[in-house]
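J.: Pasting a structure here, questions to come.
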Amino acid sequence: MNPATKPLSTADLAHAGEAEVERPAMAPPHNDDGHASLFRDNDAADLKKRWSDIQGGFVDEPRKAVEEADSLVAQVIKRLSEVFADERTTLEHQWDRGDQISTEDLRIALRKYRSFFDRLLSL
């Protein structure tokens, strides 16, 4: 039997918070530290490049660099809020339709919340 389709045991459920869950192909990948990335690789690379450009411009135009840094950080915070809201909306739509939500679906949802929460606290 494929391990990905193996039924969960009580021990699996008890340790649900310790194992990583598989995410859909469109979801952000996992980092080296095992947490789900908050951005897709190409988005994170773009943000890092923009930050590097801002930092490099500080010597010539410090005020402009700080204004751009403020704007970039605000954009990142807005995007994080959107990612969280999208995940919550998806879950709420399932509940509003009266869909039967399995314990496994709820476990995955709780893990996503925990991962997001842990990442926010680690900043």
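J.: Provide the convex hull volume over Cα atoms per residue for segment 36-121, in Å³.
T.: Residue-normalised Cα hull volume stands at 96 Å³.
J.: Ok, one more. Just want the ordering: W95, W51, from fewest to most Cβ atoms lying within 10 Å of their own Cβ.
T.: W95, W51
J.: Distance between the C-alpha centers of segment 65-95 and segment 40-56? Whole Å please.
T.: So the two Cα centres are separated by 17 Å.
J.: In nanometres, what is the gap between the two model label sites at R79 and L120, each 7 Å from Cα along Cα-to-Cβ?
T.: 1.8 nm
J.: While we're looking at this one, here's another question. Scan segment 48-123 for trypsin sites (Lys or Arg not before Pro) in coil per DSSP, keeping those whose Cβ has at most 12 other Cβ atoms within 10 Å, and list them by number.
T.: Qualifying residues, ordered by number: R97.
Readers should treat all values here as calculations from the given coordinates under stated rules, not as data from a laboratory. Source: prediction; values computed, not measured. Neighbour counts are summed over all protein chains in view; Cβ atoms, including those assigned to glycine, are modelled from backbone coordinates with ideal geometry.
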